[in-house]
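Notes to accompany the following structure.
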Amino acid sequence: MGENLTYYTGISYLSGAIFSVGKGFIEGVKASKPCDTMKLKINRILNVSGYTGRKFGNRASVIELLYAGVGSGMVAIRDTYDVINSVVAGLGTSMFYRETSGLRSTAVAGVIGVVVVGLGVTGKQAIK
């Protein structure tokens, strides 16, 4: 359980931060004004990139933390590791993440979570 929590959370934070730095770079370039000096433009780009990197990295790591926790809970309850655990973990994770947005949003997120994890598991099985 601890291994999955550490691995999934760390990898998701890193990947979320790396991918969002590009978005932050574009936002920083758009936010810079023509009258800004080069030093100010670079500072603005770095600040915006760092902000979006942290924001998306934290979101991704929370989602993966929930996924690893629900998945490990399913393995502990069912005493087996199979596709059902992964799909239920995707359902539970997406529903937990969106539960404060209302019932409809939670249901839609649950369907999206099941579809995403189902595609991931299917792709993993196809590669094997």
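Among the conditions (1) surrounded by fewer than 12 Cβ atoms within 10 Å (Cβ to Cβ); (2) over 21 Å from G2 (Cβ atoms); (3) more than 17 Å from the chain's Cα centre (by Cα), the only one that T80 does not satisfy is (2).
Residue pairs, Cβ under 7 Å, 6 or more apart or interchain, first in segment 75-91 and over 15 Å from E64 (Cα atoms), second in a helix (DSSP H, G or I) and open to solvent by less than 60 Å² (accessible area, probe 1.4 Å). List them. Listed by first residue and then by second, the contacts come to V75/N85; R78/N85; Y81/V75; V83/V121.
Report whether or not I45 is more than 23 Å from G113 (Cβ to Cβ), buried (at least 16 other Cβ atoms within 10 Å of the Cβ) and of a type in the set (A, V, I, L, M). Criteria met by I45. Please determine whether any residue of segment 48-60 is closer than 18 Å to E3 by Cα and either of a type in the set (S, T, N, Q) or without any contact (Cβ under 8 Å) to a residue 60 or more places away in the chain (or both). Yes, segment 48-60 contains a residue that is closer than 18 Å to E3 by Cα and either of a type in the set (S, T, N, Q) or without any contact (Cβ under 8 Å) to a residue 60 or more places away in the chain (or both).
For (1) part of a helix (DSSP H, G or I); (2) of a type in the set (G, A, S); (3) touching a His at 6+ places or on another chain (Cβ under 6 Å); (4) open to solvent by less than 60 Å² (accessible area, probe 1.4 Å), each residue gets a yes or a no:
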position	(1), (2), (3), (4)
S12	yes, yes, no, yes
K30	yes, no, no, no
P34	no, no, no, no
R54	yes, no, no, no
Y67	yes, no, no, yes
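Residue pairs whose Cβ atoms lie under 7 Å apart, sitting 6 or more positions apart in sequence or on different chains, and linking a residue in segment 24-41 that is of a type in the set (A, V, I, L, M, F, W, C) to a partner that is part of a helix (DSSP H, G or I), are F25/I45; F25/S49; V29/I45; A31/R44; A31/V48.
On the given criteria, is S20 within 30 Å of V75 (Cα to Cα), out of contact with any His (no Cβ under 9 Å at 6 or more places or on another chain) and surrounded by 14 or more Cβ atoms within 10 Å (Cβ to Cβ)? When the stated conditions are applied, S20 does not pass them.
The values are calculated or read from the model by the stated rules, or taken from the named source; none is laboratory data. Given the structure is predicted, the values throughout are model-derived calculations rather than measurements. All Cβ positions, even for glycine, are placed from backbone atoms using ideal geometry, and neighbour counts span all protein chains on display. Heads up: the accessible areas ignore ligands, DNA and RNA and are worked out on the full protein's heavy atoms, side chains in. Shrake-Rupley method; radii C 1.70, N 1.55, O 1.52, S 1.80 Å.
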